[in-house]
Each structure stands twice: as C-alpha cells, then as structure tokens.
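Structure first, commentary second.
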Amino acid sequence: MKKLLFLLVSCLFVLNMSAQDDLFFSEYVEGSGNNKAVEVYNPTDQAIDLSAYYVLRFSNGSSVFTEGGVTQLEGTIQPYTTFVLVNGQTTSTSTSPACSPVLQGMANQLDHDYPAPTYMNGNDAIALVKTTDGEAPNASMTNVISVDLIGEIGLGNAIADETGWSYVQDSTLTYNNTSGEPVTGLVIDFVVQAYATDGTTYGPYWMAWTKDHSLIRKPTVVSGVKLNPDPFNVTLEWDTVPGVIDSSGYITYQDIWTNLGSHQCVADPDYQSVNENKAMGNVTVYPNPVTSGYFNLVATAPVKSVTVYDITGREITRISYDSPIKQSVVQANIEVSGMYFVKAVFVDNSYLSSRIMVK
C-alpha cells in the first residue's frame with residue numbers, strides 16, 4: 001500500500017518548469033526551536049486568490065501528509081509579491097518553545113496548532129498544492145493539483161531518523177567524538193545521517209541545508225517542482241543565506257530572516273539582474289592561487305563585508321567590518337584545495353565576486 005501511495009504522489013507531481021504558470025515556494029526558514037516559516041511567491045501578472053491553496057507536510061519520510069498537517073492559505077497574493085506563513089505557537093512548553101514574536105510579526109498568516117506544516121525539522125517534505133472542488137486535500141491526494149515541493153516524499157526509513165538533505169550527494173567525514181576519538185559520519189544520496197557509524201556520536205549535521213538554515217529560491221526559478229524528485233538535490237534551485245557570526249564566534253545559519261517578505265525573480269519585469277547591479281568599485285585579490293590560508297583584498301571603494309564560498313555556494317568564511325575598509329588580510333579558513341569565490345560587498349550594497357584557487 002505504501003508503495004502504491006508513493007507512486008501516486010510521484011504521478012501527481014508532474015514536472016513543468018517552462019513558464020511562470022503558478023505560485024511557488026521562494027523562502028524556507030528552519031530555525032531554532034519553532035522558528036519556522038515558508039514564503040510563497042507569485043511570478044504571474046495576476047492577483048491570485050489563496051483560498052484554493054494548501055501547504056502540506058510529509059513528516060519523517062511519510063507518503064501521506066495526515067500526520068504532518070495541512071494548512072489552507074488565506075487572502076490574496078498580488079503579482080510579483082510574497083506571502084509568508086509562520087509557525088503560530090505563542091506559548092512555550094517543556095518540550096516545545098514558542099515561535100519568535102519577531103518572526104511572527106513578519107507573517108501574512110500564522111499557522112495553526114500542532115500538527116501543522118511549519119513544525120518541520122529538516123527531514124520533512126513540504127508541498128504546495130491546490131484543489132478545484134472547494135474541498136480540502138484528501139488523504140490520497142486524488143483531488144489536488146501539484147504546485148511545488150521542497151524535499152522528497154515517501155523516502156521512509158531513508159530519511160525518517162536522519163538529519164535532513166545535504167548540498168552534496170555522498171560524503172564521508174572523519175571527526176572526533178566527545179572523547180576525542182575519531183568517528184566517521186556519512187551523507188548518503190543527499191541525506192545526512194543522524195549518527196556516525198559508531199551509532200552513538202551525532203552525524204555531520206552541519207552538512208544539512210534543510211535543517212538549521214534559511215533557504216532562498218534562485219532568482220532564475222519561475223515555476224514550482226511538480227515531480228517528486230529522486231533524489232532531492234537542494235542546490236539545484238535553492239541558495240542558503242549567508243551565515244552570521246554568533247556570540248560564540250561561530251558561523252550560524254539559524255534564525256536569519258532578513259530576506260523574508262520579498263523575493264527577486266526573473267519573472268518580474270522590474271527584476272534587476274546581477275549584471276545590472278553595477279559595483280561601486282573594483283577589487284583585487286592576491287596571491288592567487290592562495291597557498292598560506294590568507295589572501296589580501298584591495299578595493300577602490302569602501303567594503304563592508306567579505307564572504308568566501310565554495311563552488312556549491314556553501315559559505316566558508318564571512319567577515320563584516322564595523323568600519324568599512326579598502327584593504328584587508330583575510331583568513332580564508334579553507335582546508336580543501338580547489339576553486340572558491342570571494343564576494344566583496346560595498347557600502348552601497350553593490351558587490352563584486354572574484355574567483356580564487358587554493359592549493
């Protein structure tokens with residue numbers, strides 16, 4: 001029965017990426033506690049009544065949404081604008097904290113009580129669907145039209161107890177457990193394993209983009225995913241937001257909501273592409289290749305931040321300057337040789353990206 005349901009769901013999610021024909025998810029917030037939200041974008045030139053649209057959560061690899069919850073959206077979404085659904089919990093319990101009131105203040109709609117779609121925790125598939133008969137989606141989803149999907153439905157045990165989806169397909173990492181002994185953690189077919197191969201040490205949770213991250217849909221995406229992916233590769237259509245330095249001096253991707261409530265998409269006639277974002281100045285990075293772990297950055301205009309990314313778009317290092325600089329020695333914190341990108345943001349928010357090689 002489970003296999004039949006999975007096949008049914010796969011058939012319902014029919015791929016159509018050719019035109020901006022309907023709504024899609026434009027931002028995904030999987031923050032600390034119950035700081036969760038999804039943003040929906042309208043890439044069409046028409047206002048759309050949201051009453052026919054539903055957000056569904058397929059919890060822990062399930063092929064059905066009945067345990068994960070369903071929420072009917074409310075109101076109207078105007079052309080080239082967003083609609084934000086935020087976790088609605090306002091009081092804390094011993095096991096479930098309230099959602100941040102700051103995040104809730106950014107909502108167009110607060111989600112209902114648990115179980116609800118915005119109780120996702122990184123390993124749940126989230127779907128956007130609509131119905132045409134005025135009824136809510138039925139358990140078999142035979143009365144829905146697929147609109148968009150984050151994650152992969154019906155993975156079962158392959159995702160049920162794991163951390164979430166990674167930005168790499170397969171990876172083997174060696175790191176130390178709390179006793180200082182080396183252990184091996186795995187990413188298998190984009191799924192981050194919750195435990196290392198010793199069965200007790202936590203797995204490489206930092207490799208998961210769908211947990212403890214905010215994700216933004218790439219501006220070139222103009223339509224939702226209507227085919228259940230096999231596997232789900234998060235980097236094809238999503239970018240992780242740049243991390244920030246927390247109070248302990250570590251880079252974190254949690255609870256970053258600065259882009260929530262707006263979205264840049266090529267479907268918008270007023271979209272300004274990267275090429276049209278003329279940089280305030282020029283930047284020189286040397287030496288290149290980088291061999292010492294450090295490089296020099298020299299700019300012709302004041303720079304307020306420098307970020308180093310790997311070729312998948314994952315942030316490696318970010319430095320924000322209290323006082324804008326024109327020269328700086330940057331510690332790259334790069335351990336693996338290869339190609340990387342350095343993004344310098346000027347004080348007017350324009351930026352330039354440079355390519356470096358690390359040996």
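The values are calculated or read from the model by the stated rules, or taken from the named source; none is laboratory data. Just so it is clear, the model here is predicted, and its values are computed rather than measured. Positions of Cβ are backbone-derived with ideal geometry, glycine not excepted, and every protein chain shown enters the neighbour counts. Ligands, DNA and RNA are stripped out before the accessible areas are found, and what is left, the full protein with its side chains, is counted by its heavy atoms. Shrake-Rupley method; radii C 1.70, N 1.55, O 1.52, S 1.80 Å.
Residue 250 fails exactly one of the following numbered conditions: (1) among the aromatic types (Phe, Trp, Tyr); (2) without any contact (Cβ under 8 Å) to a residue 40 or more places away in the chain; (3) more than 30 Å from residue 32 (Cα to Cα). What is the number of that condition?
(3)
Let me confirm something: among 328, 350, 323, which residue is among the polar types (S, T, N, Q) and open to solvent by less than 10 Å² (accessible area, probe 1.4 Å)?
On the way: 328 fails: open to solvent by less than 10 Å² (accessible area, probe 1.4 Å); 323 fails: open to solvent by less than 10 Å² (accessible area, probe 1.4 Å).
Of 328, 350, 323, the one residue that is among the polar types (S, T, N, Q) and open to solvent by less than 10 Å² (accessible area, probe 1.4 Å) is 350.
Sort out which residues of segment 212-225 are surrounded by 22 or more Cβ atoms within 10 Å (Cβ to Cβ) and assigned to a loop (DSSP other than H, G, I, E, B), and write them in order of number.
221, 224, 225
Those residues that are open to solvent by 30 Å² or more (accessible area, probe 1.4 Å), assigned to a loop (DSSP other than H, G, I, E, B) and out of contact with any strand residue (DSSP E or B) (no Cβ under 8 Å at 6 or more places or on another chain), I need them from segment 99-110; list them, please.
105, the sole residue that qualifies.
Every residue, every condition in (1) more than 26 Å from residue 44 (Cβ to Cβ); (2) at pLDDT 95 or above; (3) open to solvent by 10 Å² or more (accessible area, probe 1.4 Å); (4) out of contact with any helix residue (DSSP H, G or I) (no Cβ under 7 Å at 6 or more places or on another chain), yes or no:
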position	(1), (2), (3), (4)
112	yes, yes, yes, yes
120	yes, yes, no, yes
124	yes, yes, no, no
133	no, no, yes, yes
137	no, yes, yes, yes
144	no, yes, yes, no
149	no, yes, no, yes
153	no, yes, no, no
156	yes, yes, no, no
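Go through (1) within 22 Å of residue 23 (Cβ to Cβ); (2) at pLDDT 90 or above one by one and return the number of the condition residue 270 breaks.
Unmet condition: (2).
Going through segment 45-79 one residue at a time, which ones are of a type outside the set (Val, Ile, Thr), out of contact with any strand residue (DSSP E or B) (no Cβ under 8 Å at 6 or more places or on another chain) and in a loop (DSSP other than H, G, I, E, B)?
Matches in segment 45-79: 45, 46, 62, 63, 67, 78, 79.
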